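As structure tokens, the structure follows; a few thoughts come after it.
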Amino acid sequence: TNPRELKKKLIVRDGSCCARCGRELDFDSCTIEHIIPLAYGGESTEENCVILCRECNAKASGIKGYQFESYIKELIEKHPMYQNVCTNVPLKGTKVQVDIICEKKTNKGYEKYIIEVKSIPSFTRDRIFDVINYLAMCKEEFADAKAVLAFPGEISEQYHNLLSKNNIIVWDKNY
């Protein structure tokens, strides 16, 4: 998508307001911010972008891996397609917590998402199976939810296929 056209669409969708501070913006005073940062391979799509004022955008640059979960949460909270964003939600009868639970607007209403955020650049086979088992446990409590693995690295095609077979959506640098 052409950046100018994308910015116009985001301004209309987001009501000409900065997704962080709420300041009213015009075309020249806003910047495009990516939910999955370009540095991590995020794309310039409406689903992955919000508008920010220049001051808030400057604060967002240079994100570290340990800040990835907070960053994803903050942008999901401000994104107009998402609502009811909660973090560290405990699963009943366990000590396990879901990183992020939210609802995403679709043509048919809202769909629940459970998001496991990993701030690591790559995965081993054991870690992939840990994520699959963890999200399967989460889906026992949130049966109708879509499961998502979000992280700043890149998943190999083999692991991506394995996650897909287990109905897990991948938000990696290729998202």
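Observations on the model:
- Cross-link check: pairs Lys92/Lys118; Lys118/Lys139; Lys8/Lys118; Lys78/Lys146; Lys108/Lys139; Lys9/Lys108 evaluated at a Cα-Cα cut-off of 27 Å; pairs beyond the cut-off: Lys8/Lys118.
- For Ile169, the amide hydrogen comes within under 5 Å of the amide hydrogens of Ala147, Val148, Leu149, counting only partners 5 or more places away or on other chains and with H modelled in the peptide plane.
- Carbon/sulfur fraction of accessible area - the chain, other protein chains in place, 1.4 Å, %: 47
- Within the chain, helix-based [θ] at 222 nm, where runs of 4 or more DSSP H residues each add -39,500 (n - 2.57), nearest 500: -9500 deg cm²/dmol
- The chain - share of DSSP beta bridges that are antiparallel (%, nearest 5): 70
- For the chain, the alpha-carbon coordinates run over 48, 30, 28 Å along the three principal axes, in decreasing order.
- With DNA, RNA and ligands ignored, accessible area of Leu38 (1.4 Å probe; Å², nearest 10): 100
- Distance from the C-alpha centroid of segment 1-57 to that of segment 84-113: 25 Å, rounded to the whole angstrom.
- Segment 4-43: equivalent-ellipsoid semi-axes (sqrt of 5 x gyration tensor eigenvalues, Cα, Å): 19, 12, 8
- For the chain, the solvent-accessible area with a 1.4 angstrom probe is 54 square angstrom per residue.
- In loop segments of segment 92-130 as defined by DSSP, the trypsin sites (Lys or Arg not before Pro) with at most 11 further C-beta atoms inside 10 Å of their C-beta are Lys92, Lys95, Lys108.
- Pair-distance profile P(r), taking every C-alpha pair of segment 88-166, with 10 angstrom steps and integer %: 17, 49, 30, 4
The values are calculated or read from the model by the stated rules, or taken from the named source; none is laboratory data. All values reported here derive from a predicted model rather than from experimental measurement. Every residue, glycine among them, receives a Cβ derived from its backbone with ideal geometry; neighbour counts consider all protein chains shown. Note: accessible area is taken over every heavy atom of the protein model, side chains too, but ligands, DNA and RNA are not part of it. Shrake-Rupley method; radii C 1.70, N 1.55, O 1.52, S 1.80 Å.
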